[in-house]
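The structure appears right after this line, and notes come after that.
The values are calculated or read from the model by the stated rules, or taken from the named source; none is laboratory data. In this text the structure is predicted, and so the values were computed from the model without any measurement. Here the Cβ positions follow ideal geometry from the backbone for every residue, glycine too, while neighbour counts run over all protein chains shown. Accessible surface is based on the protein model in full, side chains and every heavy atom, while ligands, DNA and RNA are left aside. Shrake-Rupley method; radii C 1.70, N 1.55, O 1.52, S 1.80 Å.
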Amino acid sequence: MMTNVHIRIPRLCLMVFLMASCTVQEPAPDHEIPSMPEIFPDYTQLTIPANIAPLRFQLSTQADDAVSVIAGNGKKLVVKASKGRFMIPERPWKKLLEHSAGDSLSVKVYTKKEGKWYAYAPFTWHISEDKIDQWLVYRLINPGYELWNKMGIYQRDLTSFREEAILTNEKTAYNCMNCHAFSNRQADKMSLHMRAKLGGTYLCIDGNIEKIAPEKGSVINSFVYPAWHPSGKFIAYSSNDIRQAFHTNDSNRIEVFDTSANISVYDIKNKKVLTDSLLASADVFENLPSFSADGKTLYFCTAKSAQMPDEYKSIQFSLCTISFDEETGTFGDKVDTLYNSQLENGSVSFPRESPDGRFLAYTLSDYGYFSIWHQESDLYITDLKTGKSRRMDNANSSHAESYHSWSSNSRWMVVSSRRMDGLYTSPYLFHIDAEGHCSKAFPVPQEEPSFYRDCLYSFNIPEFVIDKVILDKTDLLEKAR
């Protein structure tokens, strides 16, 4: 059970697992049902990593009894349902995945009603040999608007159900904390932003914590949305004056916008802010920076400024690049446009290049950049080898897809999605092959199958991390004060 922010519901009881033994046998069906069962979460027809936690699920229909049989390569795991929930045990699950890596598992569900057994059509789990990074870091927060109470930054071990708090705002006077970022998914190189009390931007590098801020009077007045340079020597930040407004009659409840936005790069070693007129113009919004895998290119989103909030729908962000020389800490003398919002009639946010440098993923909305509040927002991918772009159909839904990040091997992505109910943001995983084709997205597995129906917190800014994050909270508080 979680501590600090009470998000998880208490465990109902200790689970007894019955599998592949003389106690529980695969039923002999009286009837065959040609369709797959309705289950929650929807874990049908997936590609999953060989080191993922068990995909526990529950039936969406009533039954007197139920059994699931997970089989492949001569191995079989039989799980008896407990109140309609298939609580797949961790140890046998891990052994089954190890045995099936590179192959597929068949999952067949049997239900018993009025003394007769019914067998549903099986669904498959392809077990990818591409392993996923062990840890996922995210913020948990109420999906509120103006006010907040408890929130925190947490890390989840994706190979198990273990979740730990990195920092909760009970320690920081119940302020707002956000915009965590890591250098090459390394746990010991982290940037963190806090607002209100103890506000500021903090660098946590190799156990040392430092509070940083732009010079007073500079055109760059804050560090907000971060992106580490792959060398670990620089961090690009956007400086945003953020506002929000409520719609009176719109399918999108809220509009988050800026009255100004510029970009700078912070030189960590020399404690210097690097700026350029091409990234800090008064009549243009420059936003959401992100470095290429080789560190030679800085991606960013740009739009002509307008009177806000009156002209919020006119703000469409193009995707642009500028070269960056890490040896001299200087920028190129021209800006290239990869996606022209005026020609394409869309708005780009969160450009992210894969660690292998082959692909660029981004979110596309009708306007603006705060895509989590835009139901139409979807993920797109550009093959940097061919220059061709396409919608990532298998990863998208009819609700908002927004913030996303790559795994260290460029084969997995996580995306913040509101497809579960249109209101709460949940983390979804999906596989990307060497040619950029993505598999069906699925929610991060939880210990209790009904978790996402009961959880009253949203998951923000999911980031893969290779190792466990260890943060000296006492030192952070001392630096903050």
query: Taking the Cα centre of segment 320-438 as origin and charging only Cβ (+1 Lys, Arg; -1 Asp, Glu), how large is the dipole, in debye to the nearest 20?
result: 320
Stokes-Einstein D (µm²/s) once Rh is taken as the Kirkwood radius of segment 392-469 over alpha-carbon pairs, at 37 °C in 0.692 mPa s: 250
- prompt: With labels modelled as points extended 7 Å from the Cα through the Cβ direction, what inter-label distance (nm, one decimal) is found for Arg162 paired with Lys296?
  reply: 4.1
field: Signed unit charges on C-beta, dipole axis of the chain, positive-most listed residue Leu429, Tyr237, Pro289
entry: Leu429
task: Go through Gly74, Asn394, Met413 and say which Cα lies farthest out towards the positive end of the charge dipole of the chain; charges sit on Cβ, +1 for Lys and Arg, -1 for Asp and Glu.
output: Gly74
task: State the answer as a single residue: which of Val335, Tyr312, Pro462 lies farthest towards the positive end of the charge dipole of the chain, with beta carbon charges of +1 for Lys and Arg and -1 for Asp and Glu, about the Cα centre.
output: Pro462
- prompt: What per residue convex hull volume, in Å³, do the alpha-carbon atoms of segment 83-162 yield?
  reply: 190
message: Can you tell me the length gained on complete extension of the stretch Ser82 to Lys216, counting 0.36 nm per residue apart and subtracting the Cα distance?
response: 42.2 nm
task: Just round it to a whole percent: the fraction of Cα-Cα distances in segment 268-396 exceeding 17 Å.
output: 60
field: Label-to-label distance, nm, for residues given as Asp383 and Asn340 (7 Å Cα→Cβ offset)
entry: 2.4
Cα-only radius of gyration and Dmax that characterise segment 115-175, units Å: 19.4, 59
query: Rounded to the nearest 0.05, what FRET efficiency is calculated for Ala282 and Cys176 with R0 set to 25 Å and r the Cβ-Cβ distance?
result: 0.35
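State the percentage of accessible surface on the chain attributable to carbon and sulfur atoms; use a 1.4 Å probe and exclude ligands, DNA and RNA.
Answer for the chain: carbon and sulfur cover 47 percent of the accessible area.
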query: Under a point-charge model restricted to the Cβ atoms of Lys and Arg (+1) and Asp and Glu (-1), what is the dipole moment magnitude of segment 405-481 relative to its Cα centre, in debye to the nearest 20?
result: 200
message: With only alpha-carbon atoms in the gyration tensor, what are the semi-axes of the equivalent ellipsoid for segment 335-479, in Å, largest first?
response: 26, 20, 17
- request: For Lys108, go through the lysines and keep the ones whose alpha-carbon is under 21 Å away, minus same-chain ones fewer than eight residues off.
  value: Lys75, Lys76, Lys80, Lys83, Lys94, Lys95, Lys116, Lys440
Calculated Cα extents along the principal axes in Å (choose from (1) 111, 50, 43; (2) 77, 50, 48; (3) 68, 50, 47), label: (2)
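In deg cm²/dmol, rounded to 500, what helix-only [θ] at 222 nm does the chain give when every DSSP H run of at least 4 residues adds -39500 (n - 2.57) and the total is split over its residues?
-1500 deg cm²/dmol
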query: Which value, in debye to the nearest 20, gives the size of the charge dipole of the chain about its Cα centre, when Lys and Arg are +1 and Asp and Glu are -1 at the Cβ?
result: 1260
- line: One finds, for Asn73 and Ile33 with R0 = 35 angstrom and r their Cβ-Cβ distance, a FRET efficiency to the nearest 0.05 of 0.85
- prompt: Listed highest first by mean packing, meaning other Cβ atoms within 10 Å per residue, what order do 335-345, 98-108 come in?
  reply: 98-108, 335-345
statement: Mean Cβ-within-10 Å packing, highest first, puts peptides 68-78, 442-452, 31-41 in the order 442-452, 68-78, 31-41
field: For the chain: accessible area per residue (Å², 1.4 Å)
entry: 44
